[in-house]
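Following: one structure in structure tokens, then a few remarks.
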Amino acid sequence: MALYVGKYPLIGKEMLAKGFYSFTLSCPEVAAAAKPGQFVNLKVPGFSLRRPISICEIDRGAGTLRLVFEVRGEGTERLAEFEEGEQVDLLAPLGNGFSVDPKDRAVVVGGGIGVPPMLELAKQFGGRAGAVLGFRDASAVILEDAFEACCAETLLYTDNGSKGKKGFVTDGLRELLSRGRPNVVYACGPEVMLKNVIRLADEAGIRCQVSMEQRMACGVGACYVCACRMVMDGQEYFGHVCKDGPVFDSKQIVL
């Protein structure tokens, strides 16, 4: 897999909601190589460790990547200060992406900042995928219009019911499973959400792939900051979210 390191111009910046930012980078060679579910590592001035950010959208024709992130600490706060025209130091594309067959009947499930990486994935199914999105409240809802534009159906949930339905993404997944027969479920979000999505998929006998959210350091498997429990031939061992994932078949991981 080709890996690129370099500085690329920030050609678009937007605040999607308080604390949530969208960056569009012009990086044709990276866009040509990237796949849904992969991530990038961004160098932030004044910080030794790069910040991993999931790829939200890939436009190979325009040669751009869209990245969406939430400010969660000093590093991402400094990242949010970048302005259009500045050069962003990028290491990408990293990790393993989703396995996609455009003929599948798919449901994509995203929770919180796990929503952005599901957008490019949803677009692979030609408007036939269903989407279930979950957020803590109305102030944190992002990308709803983008999913509605590329999905057959988009269900929105908030913890307190301030937008969409009150409840959790698993409520929406149950609804879609009861009304149709998807043959694959994809998910990204908090670990407890992933555990429940996997359980529902297993009960329905449906394939499931999940993208894990994890703190990272090197991003290439050289350290153990993002260690995760995995299973092979019935035996547990420790792998890396950055190198072995961030996308896993639900049978590969122990949550």
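What pairs from LYS35/LYS123; LYS195/LYS243; LYS43/LYS195 go past 23 Å between their alpha carbons? The pairs that break the limit, which is 23 Å between Cα atoms, are LYS43/LYS195. Helix 191-204 and the longest principal axis of the C-alpha atoms of the chain enclose an angle of approximately 40°. Between ASP171 and ALA138, the modelled labels are 1.6 nm apart [label points 7 Å from Cα along Cα→Cβ]. Once the Cβ-Cβ distance of GLU29 and SER99 is raised to the sixth power relative to R0 = 22 Å, the FRET efficiency obtained is 0.40. Antiparallel beta bridges, as assigned by DSSP with both residues in the chain, represent about 60 percent of the total such bridges. From helices alone, the chain scores -5500 deg cm²/dmol at 222 nm; the rule is -39500 (n - 2.57) for each run of n ≥ 4 DSSP H residues, then divide by the residue total. Each peptide in 53-59, 175-181 gets a packing score, the mean of other Cβ atoms within 10 Å over its residues, and the list from highest to lowest is 53-59, 175-181. On a 0 to 90° scale, report how tilted helix 169-179 is relative to the longest principal axis of the chain, with both axes built from alpha carbons and the result rounded to the nearest 10. Value to nearest ten degrees: 50. Peptides 123-129, 150-156 ranked from most to least packed give 150-156, 123-129, packing being the mean of other C-beta atoms within 10 angstrom over each peptide's residues.
The modelled label-to-label distance between LYS163 and GLU148, using points 7 Å beyond Cα along the C-beta direction, is 1.0 nm.
The portion of the accessible surface of the chain made up by carbon and sulfur, rounded to a whole percent, is 49 (1.4 Å probe; DNA, RNA and ligands excluded).
Working ranking of peptides 100-106, 40-46 by packing, defined as the average number of other Cβ atoms within 10 Å per residue, highest first, is 40-46, 100-106. Among the trypsin sites (Lys or Arg not before Pro) in the range 65-101, those placed in a DSSP loop whose Cβ has at most 12 other Cβ atoms within 10 Å are ARG72.
Each DSSP beta bridge with both residues in the range 31-102 is either parallel or antiparallel, and the antiparallel ones are about 100%.
The values are calculated or read from the model by the stated rules, or taken from the named source; none is laboratory data. If you're wondering where the values come from, they're calculated on a predicted model, not measured in any experiment. Every residue, glycine among them, receives a Cβ derived from its backbone with ideal geometry; neighbour counts consider all protein chains shown. Side chains included, ligands, DNA and RNA excluded: accessible areas come from the protein's heavy atoms. Shrake-Rupley method; radii C 1.70, N 1.55, O 1.52, S 1.80 Å.
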